[in-house]
Amino acid sequence: QVRLAESGGDTVQPGGSLRISCVGSGFDFSRNGMNWYRRPPGKEREFVAYSRSGGGANYAGSVKGRFTISRDDVRSTMYLEMNDLKPEDTAVYYCNLKIEHTDHWGQGTVVTVSS
């Protein structure tokens, strides 16, 4: 059974930094690309970043240059390092895995950027 568990959400001031994590189980983590999505308050869920199996990443334009996605295949963990955080980055952040046309989601972790 696929399970994804996010952690690390917090309240930070504008300009601050934060790293959130996603631990995966029930699948071969090293062989799968993984995504980060987020849902800002009152808005639809949106793509944030993608980590390819074996290396490489893609980012949404709104976070490019500020966020870095990475993964530790030994620990089956994906990370999102967020720098220069802005109030518009406030959202519930979710990790996502697509296997055989099925989307799997974690429960989310809340990031609030506020002074």
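Couplings for the range 22-35, taken from phi via the Karplus curve 6.51 cos²θ - 1.76 cosθ + 1.60 with θ = phi - 60°, read 9, 9, x, 8, x, 7, 7, 4, 5, 9, 10, x, 9, 10 Hz in order; Gly and Pro are left as x. Taking 0.36 nm per residue of separation and subtracting the Cα-Cα distance, full extension of the segment from residue 70 to residue 99 would add 8.5 nm. Overall, the accessible surface of the chain at a probe of 1.4 angstrom is composed of carbon and sulfur to the extent of 44 percent. Considering only alpha-carbon pairs that sit under 8 angstrom and 6 or more positions apart, the relative contact order computed for the range 21-115 is 29 percent. Coupling constants for the range 109-115 follow from the phi torsions by the Karplus curve (6.51 cos²θ - 1.76 cosθ + 1.60, θ = phi - 60°), and in residue order they are 9, 8, 10, 10, 10, 7, 8 Hz; glycine and proline get x. For the range 3-54, a crude dipole built from +1 on the beta carbon of Lys and Arg and -1 on the beta carbon of Asp and Glu, taken about the Cα centre, is about 100 debye to the nearest 20.
Charging the Cβ of each Asp and Glu at -1 and of each Lys and Arg at +1, and nothing else, the dipole of the chain about its Cα centre rounds to 100 debye. For the range 1-104, the solvent-accessible area works out to 54 Å² per residue, with a probe of 1.4 Å and every protein chain left in place. Straight Cα distances below 18 angstrom link residue 43 to the aspartates and glutamates 88, 89, with same-chain residues fewer than 8 positions distant left out. For the range 45-50, the Karplus equation 6.51 cos²θ - 1.76 cosθ + 1.60, evaluated at θ = phi - 60°, returns couplings of 5, 9, 5, 10, 7, 10 Hz by residue, with Gly and Pro reported as x.
Solvent-accessible surface of protein heavy atoms, probed at 1.4 angstrom with all chains present, puts 3, 66, 31, 19 in the order 31, 3, 19, 66, largest first.
The values are calculated or read from the model by the stated rules, or taken from the named source; none is laboratory data. Here the structure is a predicted model, which means the values were calculated and not measured. For neighbour counting, all protein chains shown are included, and Cβ atoms are generated from backbone atoms with ideal geometry for every residue, glycine included. In case anyone asks, the SASA skips ligands and DNA or RNA and just uses the protein heavy atoms, side chains included. Shrake-Rupley method; radii C 1.70, N 1.55, O 1.52, S 1.80 Å.
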